1. Could you go through the range 404-415 in sequence order and give the Karplus-derived ³J(HN,Hα) for each residue, using 6.51 cos²θ - 1.76 cosθ + 1.60 with θ = phi - 60°, rounded to whole Hz, and x for Gly and Pro?
2. For LEU59 and ASN294, what does the FRET efficiency come to when R0 = 45 Å and r is the distance between their Cβ atoms, rounded to the nearest 0.05?
3. Using a 1.4 Å probe on the protein chains only, how many percent of the accessible area of the chain belongs to carbon and sulfur?
4. For a Förster distance of 30 Å, can you work out the FRET efficiency between the beta-carbons of ASP319 and TYR22, rounded to the nearest 0.05?
5. Roughly speaking, what is the stretch gain from ASP470 to ASP383, that is 0.36 nm per residue apart minus the C-alpha to C-alpha distance, in nm to one decimal?
6. Over 36 Å, how big is the tail of the calculated P(r) for the chain, in percent of all Cα pairs?
7. Please give the per residue volume of the convex hull enclosing the alpha carbon atoms of the range 1-119, rounded to a whole number of Å³.
8. If you take every DSSP beta bridge whose two residues both sit in the chain, what share of them, in percent to the nearest 5, is antiparallel?
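The values are calculated or read from the model by the stated rules, or taken from the named source; none is laboratory data. These numbers come from a predicted model, not from an experiment. We place every Cβ from the backbone using ideal geometry, glycine too, and count neighbours over all the protein chains shown. Side chains are part of the model used for accessible areas, which takes the heavy atoms of the whole protein and leaves out ligands, DNA and RNA. Shrake-Rupley method; radii C 1.70, N 1.55, O 1.52, S 1.80 Å.
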Amino acid sequence: MQGRMMQHPLLISSMIEHAARYHGDTAIISKNTDGTITQTDWTHITENSKRFANALQSLGLVQGDRIATIAWNNHRHLESWYAISGSGLICHTINPRLFPEQLVFIINDAQDRVVLFDKTFLPLIRAVKAHTPTVEHFVYLGAFDQDVADAVPDVKFYDALIAEHSAQYQWPALDENTASSLCYTSGTTGNPKGALYSHRSTVLHTYAICLPDSLNLSANDIMLPVVPMFHVNAWGTPYAAAMVGCTFVLPGPGLDGASLVQMIDDYKVSIALGVPTIWQGLLAAAKQTGSPLNSLKRNVVGGSACPPAMMKAFRDVYDCETIHAWGMTEMSPLGTGNQLKAKHQQLSAEEQFKVRLSQGRPPFGVDLRITDEENGTNEVCRDGHSTGNLQVRGHWIIESYYGKSDHALTTDGWFDTGDIASINEDGYLLLSDRAKDLIKSGGEWISSVELENIAMNHPEIAMAAVIAADHPKWDERPVVIAIKQQGSTITEQDLLDYYADKIAKWQIPDKVVFVESIPLTGTGKMLKRDLREQYGKILLTE
Ligand code: AMP
């Protein structure tokens, strides 16, 4: 016997309709690329998304076509997202920090028919335009601009398209499994691969990230996604903001600490999300300006491990609860978020802090396991000690990459993340490392993340990356590449001594190299591959 409930497909358009109907006057604040601020609301975002859906139809696009965006977090980008996915097209967000060759590869692989872009990326558009034959239209996300018109012949202007088209648009009743958006992995090795999300996977992921044990979002929140919309859809926040009807503060290109402090203070941001390098900048700027970040109740740290010293600073100095989360492009991205259970309430503040340092537990909809080999099926014990290959399955996890016929799963249907981790009895995940970043010393594994966390806990270290350097006797040994805090006189020996009472002697790094800057990936993670190329042989030459 079948259930007798309505069959409503899970569609992205229904989230924006909900926001317009029930939270129409809730503010959307957007920093434009020229630094000006636009204040709008869910009613106008929805109207403009319908106007742009009509504009896209007038360009002759058909369901399933890919529309690329190369843009900051701003209101036009948000409107275009709902227009694209809502009307049955596929929203392909592109990371502008990739090399032009990677960008060309991605646009051609996706066969994008339209590219939307912000002014910052005009030089990039000029560089790739001649090499992307499938692109029929370039749309500038703004009003008429002579520089843009001169640089890109036949370019269309978003504001003009919006003005020309009606706000009357009937969202199509798509099958919920229709593809909605496309995001390429950062591709630190080999060519990037596309994760193609569906309306159903997106809506289910959105429900999950709003839950109290995830981001704990509600219509009371004022949310600032510092994480870019091109980094796994800003971790799903543009959908979550519409689902709960919260105020959304879009920082545009202003991702430096000082701009973020100002955004948080000016608009009373209650929750903000970003990678650790962003928070490092914010903490330094808050210290400099003396802002107590009064409104900020929660911040979400993901993308790389949250250094304990950072979590402590947010807790002790800013009375802000840090939610450590883990995920990946292939997972939409949320895999786990860290919140305590009732049983942890009896623990001391320091014991609770220890629990909160891990990457946390999965929401319903994601299942985790640790196996004893890559792509293996043999699960190891959930005891908090046994580490192995982290695998996942669930409603918003890929089955196969875009354009690839073979599926990306183990023989029994799990996706191997490439991360090394353990899971404890309470279901908390603790990541040790990326499999490729682990250091193999004399047959024993050393976690680069653990060594980085110790270094970054030192008050005179601003940032640290630990890499495996080749060693004639031990195969590989850890080397620390570190940036000193401004004005610090710390020496190599000081930092090595700092490790002495914190880890086993054989895990203490062999060397410290102080540098002025550490290269970052397009999504703000430390680019260890480059560091390994530069310093990987340093122990052989000494
Ligand atoms: P991406 O798909 O570019 O977002 O990268 C996903 C990868 O980032 C994961 O497989 C992890 O290796 C890493 N990652 C994400 N979140 C965390 C976290 N909280 N702690 C440690 N590593 C993380």
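1. 10, 7, 6, 8, 9, 10, 5, 4, 9, x, 10, 9
2. 0.45
3. Ligands and nucleic acids excluded, carbon and sulfur give 49 percent.
4. So, using R0 = 30 Å, E works out to roughly 0.45.
5. Gain on extension, ASP470 to ASP383, equals 28.1 nm.
6. 33 percent
7. Once divided by residue count, the hull of the range 1-119 is 143 Å³.
8. Restricted to the chain, the bridges split so that about 55 percent are antiparallel.
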